[in-house]
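Nothing in this text is a laboratory measurement; each read-out follows from the coordinates by a stated rule. A quick note: this is a predicted structure, and the numbers were derived from the prediction, not measured. Neighbour counts are summed over all protein chains in view; Cβ atoms, including those assigned to glycine, are modelled from backbone coordinates with ideal geometry.
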Amino acid sequence: MKELITKMRKLYRNSRISQKLFLAFSLMIAIPAILVSFLFIRTQEAQLYKDAMANGSSHVSRLNEQLRSRMEMIENASSTALTQKAFVDFIHSNIRGEGLRLVKFRQTQFEQMRTMIQSHELVDQLSFYVDNPNLHEIWPEIYHYDQFSPQDYWMTLRDEGGASYRLFAFQDGEQTLSYYRLVRLQGQQQKRPSIMEIRTRHNVFFGELLEESGGDFFSVVMDGTNPSRSVYNPRHEFVQNAGEELNEILGSIHRKLDVLEQNSPVKVEAGDHIYYALYRYIAPLDAYVVDIASHQALMKDPRNWYLFVVAITLLVLLLIMLLVSHTTRRMFRRLDSVLDSMRQVRKGQLDAKIHTGLGEHETGDEIDEVAVNYNKMLDEIKRLMTQVVDKQLIAKNAQLHSLHSQINSHFLYNALESIRMLAEVQRQPAIADALVSLGSQLRYSMQWRSDTVALREELANIRSYIQFINFMEGGSIGLTADLPEEVLRYSIPKMCMQPIVENAVHHAAPPGGSVDIEISVRVENDNLLLIDIRDNGAGVDPEMLMRLQAVLRGESDTPIVTSKNGLGLENVHKRMQLHYGTDCGLWIESVQGDYTCVTIRLPWENENLGGW
């Protein structure tokens with residue numbers, strides 16, 4: 001998480017000002033607008049759901065009343081049919097008897113019964129099932145009881161008060177709603193009671209009702225015990241959209257139907273959709289009239305509102321981006337000139353000033369103030385650079401003048417040569433040799449043809465120095481430096497070894513004492529040349545050694561005491577690091593009473609060397 005926040009901060013920091021302004025405007029305008037819009041849409045969704053449930057509940061109640069009204073019409077038709085007492089008496093008599101009597105029945109009572117039934121728009125067919133062995137089945141309205149199924153259904157009718165409905169009854173392969181009534185109980189010749197059946201096709205009884213639109217609701221009449229048996233309009237849009245999932249949807253809803261909770265909506269999930277159902281229980285049919293709607297259909301308008309809000313938001317963001325781009329381009333056009341000038345200055349063009357176009361007494365805005373101060377800063381930089389260069393030239397000239405004014409090297413060399421010859425004439429070879437050594441040192445120190453010399457030359461100067469010191473102080477200082485020829489040709493900064501040898505001479509042994517100095521070289525990691533200057537003198541006090549090492553590591557501000565010639569170890573160390581990098585410089589190791597070793601670290605490649 002921290003890495004993500006860090007990346008986001010870095011991305012924001014590196015973004016252009018126009019992008020930052022665009023983000024700020026978006027956060028202040030677009031995002032709050034989206035949140036408010038979505039909150040408003042959610043409120044509308046809740047209200048829409050509430051209204052839809054109210055409309056659906058009203059529709060399912062109305063549908064329930066209409067179905068009950070139609071059932072009442074069927075029941076009235078059955079009561080009217082049973083008022084034809086002559087018809088009922090005849091079918092229970094001996095129809096196989098006198099033919100003239102049968103003809104009169106056909107022309108009167110039967111024709112009246114058929115006319116009555118055909119005049120009723122809901123009744124498709126009426127049938128009587130009679131346990132009468134003297135019955136002729138010569139009309140589709142009159143049957144022997146043996147053709148009725150199930151045979152013991154009369155007991156159900158008896159238990160339910162002599163009448164009952166069956167929502168699904170087959171007739172010629174078509175589902176029908178049937179209404180049954182007990183006509184006459186068993187007589188002397190009857191073993192089973194007579195039953196009247198009134199049949200009506202589903203598309204006639206339910207068609208107009210189920211084709212009514214309940215808003216976004218789909219109306220279904222479900223069998224109370226069998227969820228796979230339902231009556232609905234197969235051409236309804238809901239059926240087309242549900243496809244093969246329709247049975248799963250109806251089954252899920254049927255499992256949640258409860259007679260005691262029929263005023264509460266049912267919510268089910270089927271596939272990727274959510275469905276709501278409102279229902280009423282119709283006791284005579286043992287069925288439910290159900291209105292079903294999908295959440296997607298109910299919320300299609302809010303979904304369109306979401307798309308509308310997103311489209312408007314994108315348009316607003318585009319307008320904000322164009323406005324910010326146009327505004328920042330006008331506002332920061334002069335800032336771009338400041339940036340261009342800075343890039344030129346970074347390349348070394350200190351005369352790349354910014355043209356402000358301001359009058360003498362005009363101040364301008366903040367960007368003009370930045371430009372004016374920037375031009376002043378460039379003038380100050382050039383002035384300071386000129387001042388530094390002048391100071392360096394003055395210091396160099398003063399140093400050269402001082403050298404020329406104090407020492408006339410030609411006169412000094414001639415004077416030393418005359419004294420040496422006088423010493424040889426007077427047979428004083430030690431004095432002569434000391435003068436030769438002193439002259440060599442003076443010549444080496446005062447002749448700076450280059451800032452670097454071969455290691456052989458630096459080593460020769462050190463030998464002369466040791467010889468002269470032994471003469472002056474009467475000591476016995478030994479120098480061992482058996483170096484390979486290829487190293488002797490190696491170029492090193494002039495006078496980088498001399499101060500270290502001087503420290504060994506003055507601090508490693510007491511005056512007049514002896515000390516051995518050994519100079520060796522080695523290569524480290526194929527890129528550094530290490531020159532070790534080691535003595536077997538008194539060593540360095542541990543506390544002092546720690547301070548020296550801290551200074552060489554750059555961890556202390558306490559300077560190292562300089563040697564007598566004025567060129568201290570710290571000076572040599574800092575100059576090496578400035579010219580060759582932090583991997584180069586000096587390092588000191590010492591054990592008190594045993595040894596001291598100073599290591600010079602230089603680049604192994606000669607072309608990496610520079611002067612002081």
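Some observations on this one:
- For residue 540, net neighbour charge (Lys/Arg +1, Asp/Glu -1) across residues whose Cβ lies under 12 Å away: -4
- The phi torsions of the stretch 575-592, fed into the Karplus equation with coefficients 6.51, -1.76 and 1.60 and a -60° offset, translate into couplings of 5, 5, 5, 5, 8, 10, x, 6, 6, 9, x, 10, 9, 10, 10, 7, 10, 4 Hz, rounded to whole numbers, with Gly and Pro shown as x.
- Relative contact order for the stretch 84-205: 24 percent, from Cα pairs under 8 Å spaced at least 6 residues apart, divided by residue count.
- Length-normalised contact order for the stretch 478-608 - Cα pairs under 8 Å, 6+ apart - percent: 28
- Förster-model FRET efficiency, 35 Å R0, residue 335 and residue 382, C-beta, rounded to 0.05: 0.90
- Gap separating the Cα centres of the stretch 51-104 and the stretch 106-147, nearest whole Å: 13
- Using the Karplus relation 6.51 cos²θ - 1.76 cosθ + 1.60 with θ = phi - 60°, the per-residue 3J(HN,Hα) values for the stretch 527-536 come to 9, 10, 9, 10, 10, 9, 10, 10, 10, 9 Hz, with x marking Gly and Pro.
- As a proxy for reagent exposure, 205, 308, 468 were ordered by neighbouring Cβ count within 10 angstrom, fewest first; the result is 308, 468, 205.
- Taken over the C-alpha atoms, the stretch 107-149 has Rg and Dmax values of 11.5, 33 angstrom.
- Summarising the overall dimensions of the stretch 201-309 from its C-alpha atoms, the Rg and Dmax are 14.3, 51 angstrom.
- In whole angstrom, the stretch 478-608 maps to an equivalent ellipsoid with semi-axes of 23, 19, 13, each derived as √(5λ) from the alpha carbon gyration tensor and ordered largest first.
- Exposure proxy ranking, count of Cβ atoms within 10 Å, fewest first, for 476, 37: 476, 37
- Ranked packing of 290-300, 572-582, 104-114, most packed first, by mean Cβ within 10 Å: 290-300, 572-582, 104-114
- Which listed pairs, of 50/256; 7/382; 256/300; 191/256; 7/376, have C-alpha distances above 32 Å, in listed order: 7/382; 191/256; 7/376
- Listed peptides 589-601, 145-157 by packing density, highest first (mean Cβ within 10 Å): 589-601, 145-157
- Our coupling estimate for the stretch 270-276, obtained by passing each phi through the Karplus curve with A = 6.51, B = -1.76, C = 1.60 and θ = phi - 60°, is 9, x, 9, 10, 10, 10, 10 Hz, Gly and Pro reported as x.
- Burial order of peptide ranges 76-84, 381-389, 219-227 (average beta-carbon count within 10 Å, highest first): 219-227, 76-84, 381-389
- Beyond 20 Å, the tail of the calculated P(r) for the stretch 84-205 holds 44 percent of the Cα pairs.
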